[in-house]
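Trainee: One structure is given below, represented as structure tokens, and several questions about it will come after.
The values are calculated or read from the model by the stated rules, or taken from the named source; none is laboratory data. Computed from a predicted structure; not experimentally measured. Note: areas computed on protein heavy atoms with side chains; ligands, DNA, RNA excluded. Shrake-Rupley method; radii C 1.70, N 1.55, O 1.52, S 1.80 Å.
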Amino acid sequence: MNAWWHEVWVTLQAEFADITDASQLTRMTVRLLMAAVLGGILGFEREHQGKAAGVRTHMLVAMGAALFVLVPQMSGSQADAMSRVVQGVIAGIGFLGAGTILKNHEGDEGHVKGLTTAAGLWMTAAIGVATGLGREATAVLSTLFALGVFSVMPRIVKLIDKDRGP
């Protein structure tokens, strides 16, 4: 029976041995944490605006996208395999985004809501992919640009509409 437990222990050690050293653990932790923070920043802005997809949703999308590219990268996947992973993330986020788009029929005109939320989730996934691939500066810059689109552009549009008059 002792040999059986030893075999179980060795198998468990092998199963949890995907993090081989401190640098790999640090790299994974920094990338996943950064994806969560950047996604959370965008999610906070959306939640502050009263949108359905808020902090938690954006954090999970960014971390999930980062993890989808981080795992194959850490296991030594080639560029063609990574390309397929990124394509899968993009398609998957498309389905998630489609779920946020609603079409309301008000009178004779159809009114579509949720397009900005869907686009924001798509952008958040892209930021997560960039972070997972180790492109942290690109991810931070993209987050700042997205935050500008979310918070500055509505003010600019209001100013332009106000200047135009009725």
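Trainee: Among Thr116, Thr124, Thr20, which one moves the most in a GNM of the chain with springs linking Cα atoms closer than 10 Å?
Mentor: Its mean-square fluctuation being the largest, the pick is Thr20.
Trainee: If you don't mind, there's one more thing I want to ask. Which residue, Met59, Met82, Met123, has the most motion in a Gaussian network model of the chain that connects Cα atoms within less than 10 Å?
Mentor: Met82
Trainee: Under 8 Å for C-alpha pairs, at least 6 residues apart: give me the relative contact order for the chain, rounded to a whole percent.
Mentor: Values: 177 pairs, mean separation 40.2, N = 166.
For the chain, the relative contact order is 24 percent.
Trainee: Enter the accessible area per residue of the chain (Å², integer; probe 1.4 Å; all protein chains in place). List each step's numbers first, then the result.
Mentor: Numbers: 11160 Å² over 166 residues.
Per-residue accessible area for the chain comes out at 67 Å².
Trainee: Rounded if a/c is under 1.5, else prolate if a/b beats b/c, else oblate: with a ≥ b ≥ c from the C-alpha gyration tensor eigenvalues square-rooted, which is the range 24-164? Numbers along the way, then the final one.
Mentor: On the way: a/c = 2.53, a/b = 1.76, b/c = 1.43.
Prolate shape, in that a/c is at least 1.5 and a/b is the bigger ratio.
Trainee: Which of rounded, prolate or oblate describes the range 1-80 when judged by the alpha-carbon gyration tensor and an a/c cut-off of 1.5? Write down the numbers at each step before the final one.
Mentor: Values: a/c = 3.31, a/b = 2.22, b/c = 1.49.
Judged from the Cα gyration tensor, the range 1-80 comes out prolate (a/c at least 1.5, a/b above b/c).
Trainee: Now for a different question. Once both axes come from the Cα atoms, what is the angle between helix 153-164 and the longest principal axis of the chain, in degrees from 0 to 90, rounded to 10?
Mentor: Between the helix axis and the principal axis of the chain, the angle is about 10 degrees.
Trainee: Next question. Carbon-plus-sulfur fraction of the accessible area of the range 24-164, 1.4 Å probe, in percent? Mind dumping the intermediate values first?
Mentor: Working: 5610 of 8650 Å².
So the carbon and sulfur contribution to the accessible surface is 65 percent.
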